[in-house]
Amino acid sequence: MDIKRVKDYIYWLYYQYLLITCSYVLEPWEQSMFHTITVTVVAMVVYTAYVFVPIHVRLAFEFFSQIFGGQPESTV
């Protein structure tokens, strides 16, 4: 893939982000604060999903396996 096309595509994605969030109308210092807060929130959501989703999936699997005919652990 051509480097120029990749660079243009990344620039296009960034431009779409600016349009969707309407942050292109902000002053430069406001944009930096907005981007910092946005990146922080996204990082916290990703971390929370990485840590807690597997635990909840395992607990849901255990719960539904007991309901739909799985044997309890004490009889195994």
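Against the condition of a type in the set (D, E, K, R) and surrounded by 10 or more Cβ atoms within 10 Å (Cβ to Cβ), how does Asp2 come out, does it pass? So Asp2 does not fit the description; no.
Taking every residue in the range 17-41 that is open to solvent by 60 Å² or more (accessible area, probe 1.4 Å) and pairing it with any residue that is at pLDDT below 95 and of a type in the set (Ser, Thr, Tyr), at least 6 positions away or on another chain, the pairs with Cβ-Cβ distances below 7 Å are Phe34/Ser23.
The values are calculated or read from the model by the stated rules, or taken from the named source; none is laboratory data. In this text the structure is predicted, and so the values were computed from the model without any measurement. Cβ: placed from backbone, ideal geometry, glycine included. Neighbour counts: every protein chain shown. SASA here: full protein model, heavy atoms, side chains in, ligands and nucleic acids out. Shrake-Rupley method; radii C 1.70, N 1.55, O 1.52, S 1.80 Å.
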